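A quick write-up on the structure given underneath.
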Amino acid sequence: MLSTTEIGLIKATVPILREQGLLLTQHFYKRMFQHNPELRNTFNMGNQQNGTQQTALALAVLAYAENIENPGVLLPVLQRIGDKHTSLQITAEQYDIVGKHLLASIGEVLGDAATADLITAWAKAYGQLADLMINLEKSIYLQKAAVKGAWTGWRKFIIDKKVQESEEITSFYLRPEDGLEVSAHQPGQYLSIKVFVPALGIYQPRQYSISSAPSAEYYRISVKREPGNEQKESGTVSNYLHDQLLEGDVIEATTPAGDFVLNINQTTPLVLLSGGVGQTPFVSILDFLTKSDQQRQVKWAHACRSESVHAFREQINAWQSEHDWFEHIVFYENTDLASKENSLSKDTRTGRMDVAEISEMLLIPEAEYYLCGPKPFIEKTMKDLSALGIDHKKLFFEEFGPQTIQMN
């Protein structure tokens, strides 16, 4: 337990973490990879390159310091981190490595301000957090192991089929190489996969939402090709999957993970709002609901750049025509000339998604709201929903990549 004095020392670092937290985490990751290069096989180096992992860790360290007297309030966030860690097969021993480099980084970045008493306080605070996470992740591992068809560690899967869903998105149907059954995922969960990238000389893990209904036989992930531009590098793994891997090739995966899931035991109306490839977990949810025919009211508004990049369009239209409890609308930011001349259907709008424009469709008093897509899309949509009076407690979101969105 931390003493009152030690708690005071931790809280005194909050202003420093607000100003220099990102500098600290950048230094930490650089130091850790220099001394433990094998961890480059565990971390998403793309997120290292674009800085989102450093930002996410800086926010997490700050939140922990701010709530050091009652870290239990962070449990929902820690649960999501634990899900991600277990999907990557993080071990208790790796927490010792992280702690060693984090404490060293605090001393190196803060300089004279990092007194012996402060380092001791942070060592105890980190140990407290590490124990909390190790025990949480142990329970998650045990829960996963108890599910029928589950496995431990990384398991080999054959790419049984590749299907191009749009100009950017391709689906990969993955069947276990050993021919045994797999654990049925919860609609909305993701699959962690791992591939060896020759250009980097290391294995790289990635998480992709499962885009099919639960099955004991296979998983389907639908991956967007991430081309580079002046603002960002191209997606190393997404492009490798699209361009290099063929049907019959093998990748590795862990048991499905994630808490952004449909509660199948409720009948609460659902409002789904997605941007771009953020539609994939919702495709899984709709695939499940239509096959089980739960008659659950669902409203889904989707935003994407154009018809050419809109995946699963025919399937979604078929679901809407077959089930009167489901309504779908899509916003195309760019519309081709032919579509304009033929006029768009009532289910299609032009421009960026405007929540206020479709408020009559979306405002359901007892509904739960699920958001998935790029960070700017989620932030704007949450703000727009709040302006319409939607309680933030009814909002659930999944940000692709390390979580940097803060729910206030």
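Computed from the coordinates by the stated procedures, all read-outs in this text should not be read as laboratory data. Keep in mind that this is a model prediction, so the values were computed, not measured. So basically every Cβ, Gly included, is an ideal-geometry build from the backbone, and we count neighbours across all protein chains shown.
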Helix-only CD estimate at 222 nm, as mean residue ellipticity for the chain, using -39500 (n - 2.57) per DSSP H run (n ≥ 4): -13000 deg cm²/dmol
Extreme residue, positive dipole direction of region 238-338, given options 266, 334, 241 (C-beta unit charges): 266
Residue-wise HN-Hα coupling along region 259-266, computed from phi with Karplus coefficients 6.51, -1.76, 1.60 (Hz; x: Gly, Pro): 10, 8, 10, 7, 7, 6, 8, 9
Cleavage-rule hits (GluC sites (Glu not before Pro)) in region 228-321: DSSP loop, at most 15 neighbouring Cβ within 10 angstrom: 230, 233, 247
Charge sum, other residues only, whose C-beta stays under 13 Å from residue 248's C-beta, Lys/Arg counted +1 and Asp/Glu -1: 0
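By the scheme Lys and Arg +1, Asp and Glu -1, what is the net charge of all other residues having a beta-carbon under 14 Å from that of residue 367? Can you show the working numbers first?
Values: positive: 296, 299, 393, 394; negative: 327, 360, 366, 368, 391.
Charge balance near residue 367 sits at -1.
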Computed magnitude of the charge dipole of region 4-145 (debye, nearest 20; Cβ of K, R +1, Cβ of D, E -1): 400 debye
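As an exercise, identify the GluC sites (Glu not before Pro) in region 1-95 lying in DSSP coil whose Cβ has no more than 15 other Cβ atoms within 10 Å. Mind dumping the intermediate values first?
Details: sites: 6, 19, 38, 66, 69, 93; in loops: 69.
Listed in order of number, the matching sites are 69.
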Dipole magnitude (debye, nearest 20) for region 270-399, charges at Cβ of Lys, Arg, Asp, Glu: 260 debye
Phi to ³J(HN,Hα) by Karplus 6.51 cos²θ - 1.76 cosθ + 1.60 over region 355-365, Hz, x for Gly, Pro: 4, 4, 5, 10, 4, 4, 6, 8, 7, 10, x
Quarter of the Cα convex hull surface for region 96-238, i.e. its orientation-mean projected area (nm²): 12.6 nm²
Kyte-Doolittle at least 0.0, axis length at least 30 Å by Cα - qualifying DSSP helices, the chain: 116-145
Relative counts (whole %) of C-alpha pair distances in region 200-324, using bins that are 5 Å wide: 2, 8, 17, 21, 19, 15, 10, 6, 2, 1, 0
Contour excess over end-to-end distance, with Cα ends at residue 146 and residue 234 and 0.36 nm allotted per residue: 27.8 nm
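Please state the equivalent ellipsoid semi-axes for the chain: what are the square roots of 5 times the Cα gyration tensor eigenvalues, largest first, in whole Å?
Numbers: eigenvalues 281, 129, 90 Å².
Ellipsoid half-lengths, sorted descending, are 37, 25, 21 Å.
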Amide hydrogen neighbours beyond the local backbone of residue 221, cut-off 5 Å, H modeled: 172, 174, 211
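Work out the length of the dipole vector of region 124-268 about its Cα centre, built from +1 on the beta-carbon of each Lys and Arg and -1 on the beta-carbon of each Asp and Glu, and round it to the nearest 20 debye.
The calculation lands at about 420 debye.
Using the count of nearby Cβ atoms within 10 Å as a rough guide to exposure, how do 154, 300, 122 rank from fewest to most?
Numbers: 154 17, 300 25, 122 22.
The order, fewest Cβ neighbours first, is 154, 122, 300.
Rg to Rh for region 222-285: what is it, with Cα atoms only and Rh by Kirkwood?
Numbers: Rg = 16.0 Å, Rh = 15.0 Å.
The Rg/Rh ratio comes out at 1.06.
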Members of 162/194; 84/224; 30/393 lying beyond 27 Å, as alpha-carbon distances in this model show: 30/393
